[in-house]
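**Student:** Would you mind keeping the following structure in view while I ask a few things?
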Amino acid sequence: MTAPAYHLLGVSGSLRANGFSTAVLAALAGAAADRATFEFADIGAVPHFNQDLYRDPLPEPVAHLRAQVERCDGLVIASPEYNHGVPGTLKNALDWVSRPHNGSPLKDKPVLIVTSSPAFTGGVRAQYQIRETVVSALARPVNTPEIVIGLVHSKIVDGRFSDAASIAFALEGLATMFGEIDRERRTEA
Ligand SMILES: Cc1cc2nc3c(=O)[nH]c(=O)nc-3n(C[C@H](O)[C@H](O)[C@H](O)COP(=O)(O)O)c2cc1C
């Protein structure tokens, strides 16, 4: 068996202990374990963004998050939708890693976006807001059919996200991201 070729940062937009988004992220990481290692961000530990705090030394949770983004080959964001938008905690974390503009840890990083919701709309409105934020930070949202998981509560069994069709669909998005990382590596070689 060959070692996983990619190292990814998983970011859940939910702080809830049994959050569906976190379960989706865990399922995806498990399904891709032969190709990618994952580490996970703790965005709940990150303080509210305050430009006065954006100086040396950065708050420790911010420095940690930025280091995680720097060392990963790409990010997988799995998020709920709050009031038709991106959860504030997730936006806050992305703001912290988006600076300095044109030189941030996010610059040129591929980002796969997955949203889910108990509603059939699957968090699609949040999906577009996350995409805009990622683009603003000069990261590269993976161009793949939107991975939007509706009725997510019905796809959790014993706390695990267990919908094979959704996982297979998300894995196609991951494969697209791996292709992008490979292309980037060939360019750098
Ligand atoms: C403040 C708040 C706002 C919400 N707004 C939406 C919404 O706009 N669209 C939606 O599909 N679900 C909405 N929901 C329901 C969430 O999709 C649901 O609570 C979901 O389980 C949260 O994701 P999680 O399980 O990953 O924590 C909202 C929930 C909360 C707490």
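Throughout, read-outs are computed from the coordinates displayed, never taken from laboratory work. What you are looking at is a predicted structure, and each value in this text was computed from that prediction instead of being measured. Cβ atoms come from the backbone with ideal geometry, glycine included; neighbour counts cover every protein chain shown.
**Student:** With θ set to phi - 60° and the Karplus curve 6.51 cos²θ - 1.76 cosθ + 1.60, what are the ³J(HN,Hα) couplings of segment 74-83 in order, to the nearest whole Hz, using x for Gly and Pro?
**Tutor:** x, 10, 10, 9, 10, 9, x, 10, 10, 6
**Student:** First obtain the Kirkwood hydrodynamic radius of segment 1-112 from its Cα pairs, then insert it into the Stokes-Einstein equation at 10 °C and 1.306 mPa s, and state the resulting D in µm² per second as a whole number. It would help to have the intermediate numbers written out before the result.
**Tutor:** Details: Rh = 14.7 Å.
The calculation lands on 108 µm²/s.
**Student:** Which percent of Cα pairs goes in each bin when the distances of the chain are cut into 5 angstrom slices starting at zero?
**Tutor:** Reading the bins upward from 0: 1, 8, 17, 22, 21, 15, 9, 4, 1, 0.
**Student:** Going highest first, how would you order 43-52, 65-74, 108-117 by mean Cβ packing within 10 Å? Working shown, then result.
**Tutor:** Details: 43-52: 12.8, 65-74: 18.9, 108-117: 24.1.
For the peptides 43-52, 65-74, 108-117, the packing ranking is 108-117, 65-74, 43-52.
**Student:** Alpha carbon centre of segment 85-158 versus segment 1-71: separation in Å?
**Tutor:** Using only Cα atoms, the two centres lie 13 Å from each other.
**Student:** Something else about it: Students often forget the sequence filter, so: which lysines lie under 28 Å Cα-Cα from residue 155 once same-chain residues fewer than 8 apart are removed?
**Tutor:** Result set, ordered by chain and number: 91.
**Student:** Still on this structure, please answer the following. So who's got an amide H within less than 5 Å of the one on residue 81, skipping anything under 5 residues away but keeping other chains? H placed 1.01 Å off N, in plane.
**Tutor:** Here the answer is 116, since their amide H atoms fall under 5 Å of that of residue 81.
**Student:** Hey, another quick one. Pick out, from 46, 169, 145, the residue whose Cα sits farthest towards the positive end of the charge dipole of the chain, with +1 on the Cβ of Lys and Arg and -1 on the Cβ of Asp and Glu.
**Tutor:** 145
**Student:** Indicate the helices, whole DSSP H runs only, in the chain that combine a mean Kyte-Doolittle hydropathy of -0.5 or more with a Cα extent along their long axis of 30 angstrom or more. Could you put the intermediate results ahead of the total?
**Tutor:** Details: long enough: 164-188 (36 Å, -0.04).
Answer set is 164-188.
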